[in-house]
Amino acid sequence: MSGPVEGLEPQRFTLTRADLVRYAGASGDLNPIHWSDRVAGAVGLPGVIAHGMLTLGLVGSAVATWTGRAEVVELGAKFTAPVVVPDDDEGVVVEVAATKVTRDNGLMTIAMEVRCGDAKVLGMPKAVVRA
């Protein structure tokens, strides 16, 4: 990772199993890999995993913090590794760091790195906002 962008401090978000349950209810994604260790293990996952769109939503929250809730024109990433959420009260931390910012024609593009522990969990995360 290149260093963080000056003025855009990395944002850290803690996810717990309770967060996954709330997100499942709000999104309608009730797939048991997001709440059952037995099912997650049976399909070859290392444990219960966060919803991919929940992880991408954390990126959106970081962008909103950095930009004062500027209008988002584009937000995207590739899902490259699961965010495994333990069955405890402490959960797991997802960190979103801006790695490059460019400005052009009233738009600001923010490239990022999203990690959970040592793993990059999103590939090529990028946001474009009206600046």
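The values are calculated or read from the model by the stated rules, or taken from the named source; none is laboratory data. Keep in mind that what you see is a predicted model, and the values were worked out from it rather than measured. Every residue, glycine as well, gets a Cβ built from its backbone with ideal geometry; the counts of neighbours run over all protein chains shown. Only protein heavy atoms, including side chains, enter the accessible area calculation; ligands, DNA and RNA are left aside. Shrake-Rupley method; radii C 1.70, N 1.55, O 1.52, S 1.80 Å.
Summary table
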item	result
Output for segment 58-72, where each listed residue is touching a residue at least 12 places away in the same chain (Cβ under 8 Å) and either of a type in the set (A, V, I, L, M, F, W, C) or not in a loop (DSSP other than H, G, I, E, B) (or both)	58, 59, 60, 61, 62, 63, 65, 66, 67, 70, 72
Residues (farther than 19 Å from residue 55 by Cα and of a type in the set (Asp, Glu)) located in segment 90-117	104
Residue in segment 97-112 that is under 25 Å from residue 22 (Cβ atoms), assigned to a strand (DSSP E or B) and open to solvent by 30 Å² or more (accessible area, probe 1.4 Å) present	no
Yes/no for residue 16 being open to solvent by less than 20 Å² (accessible area, probe 1.4 Å), under 18 Å from residue 121 (Cα atoms) and among the β-branched types (Val, Ile, Thr)	no
Within segment 25-47, tally of residues that are closer than 16 Å to residue 83 by Cα, touching a helix residue (DSSP H, G or I) at 6+ places or on another chain (Cβ under 7 Å) and assigned to a loop (DSSP other than H, G, I, E, B)	4
Total residues in segment 116-130, condition in a strand (DSSP E or B) and either on the phi > 0 side of the Ramachandran plot or in contact (Cβ under 8 Å) with a residue 60 or more places away in the chain (or both)	7
Search result, residues across segment 53-66 that are over 14 Å from residue 14 (Cα atoms) and open to solvent by 30 Å² or more (accessible area, probe 1.4 Å)	53, 65, 66
Criterion (on the phi > 0 side of the Ramachandran plot and in contact with a strand residue (DSSP E or B) (Cβ under 9 Å, 6 or more places away or on another chain)) met by exactly one of 60, 47	47
Given (1) surrounded by fewer than 16 Cβ atoms within 10 Å (Cβ to Cβ); (2) within 22 Å of residue 35 (Cβ to Cβ), index of the condition residue 85 fails	(1)
Test: residue in segment 81-91 that is outside any strand (DSSP E or B) and of a type in the set (Val, Ile, Thr)	yes
Tabulated pairs, segment 86-101, first under 28 Å from residue 76 (Cβ atoms), second open to solvent by 70 Å² or more (accessible area, probe 1.4 Å) and not in a strand (DSSP E or B), C-beta under 8 angstrom, 6+ apart or interchain	97/1; 97/4; 98/4; 99/1; 99/4
Scope segment 10-49; condition of a type outside the set (Ser, Thr, Tyr), touching a residue at least 40 places away in the same chain (Cβ under 8 Å) and under 26 Å from residue 99 (Cα atoms); matching residues	10, 11, 12, 13, 15
